[in-house]
Amino acid sequence: MMKKTTLALFFFLGFIFLQQSWADDFILMQSTTSTQNSGLLDYLLPKYKALTGTEVRVVAVGTGQALKNAENGNADIVMVHAKNAELKFIQSGFGVKRYPVMYNQFLIIGPASDEELNQLSKLSEVLTLVEQKGKRWISRGDLSGTHKRELALWDKFKINTSSADWYLDIGGGMGTAINTAVELNAYTLADSATWIAYKNKRSHKVIFSGDPLLNNQYSLILVNPAKHKHVKKELAMEFVGWMTGNEGQTLIGSYKLNSRQLFFPNATQ
């Protein structure tokens, strides 16, 4: 009887240990919304789990909130797209290193019927005309990577939006901003992946794209284990290695929606 009890206890403890091992085989990633809403992470992460056994759990929020969550220790790794904020995050001791992974473009979208803006060939001309003609502009206003880029553009071209009646700050996500722009026949800055994936375009289209100032770089950053000792450094760095290696980069480049490539791998650049 004692032998059977010991054997049962052995198997029970083994099962508990195995459950704990399974529970530990995950990392938490704070990620910008565009990588989630575009379907990219749903495409990549199951493949990574099948290969390694490690689940990547995602919290999809704007870049500002993602970095804030990571500062508070609620992440092993972050994937974001606002270089200056990323460097500040690292310089403040919250992140270890920045690993470029891929890029796409920011776009200015607006009503297809607007012939004035459709004819312009320079980004400065587009934004200046928005101000001069008081064309309704929708801003995310959420300190996301997209919002930070928008603010940088206004600043570069010396356009003051603080008291402009044509400027609407919604404090929402990319999908909400696009939807509001469509509903109000207005303009906004959008990342290309979300725009391609977005279905409610109606009569809106890309008004301007292609300027180097609209390049949109995505990077991974390991949260500093010296700040938060629970950070799973080894598992997180395995994921970084996969995303920046041949397999991850090839998969990123192969992901398409409506026959269009959404992200362009550039980890080696």
Residues within the stretch 204-236 that are within 23 Å of M79 (Cα to Cα), touching a helix residue (DSSP H, G or I) at 6+ places or on another chain (Cβ under 8 Å) and either assigned to a helix (DSSP H, G or I) or of a type in the set (V, I, T) (or both), tallied: 4
Options M243, M174: the member that is outside the structural domain of A152 (by TED's automatic domain parsing), crowded, with 17+ Cβ neighbours inside 10 Å and closer than 21 Å to A60 by Cα: M243
Only one of I138, I159 that is in a strand (DSSP E or B), more than 30 Å from L28 (Cα to Cα) and in contact (Cβ under 8 Å) with a residue 24 or more places away in the chain: I138
Which listed residue, of T176, T180, is assigned to a helix (DSSP H, G or I), at pLDDT below 95 and either among the hydroxyl-bearing types (S, T, Y) or within 18 Å of the chain's Cα centre (by Cα) (or both): T176
Selection within the stretch 186-203 - modelled with pLDDT of 95 or more and either in a loop (DSSP other than H, G, I, E, B) or over 21 Å from L151 (Cβ atoms) (or both): A186
Residue under evaluation A152, criteria (1) out of contact with any Asp or Glu (no Cβ under 6 Å at 6 or more places or on another chain); (2) surrounded by fewer than 19 Cβ atoms within 10 Å (Cβ to Cβ); (3) more than 26 Å from I77 (Cβ to Cβ); (4) of a type in the set (A, V, I, L, M), criterion not met: (3)
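The values are calculated or read from the model by the stated rules, or taken from the named source; none is laboratory data. Not measured: the values here are computed from a predicted model. Here the Cβ is made from the backbone with ideal geometry for all residues, glycine too, and neighbour counts use every protein chain on show.
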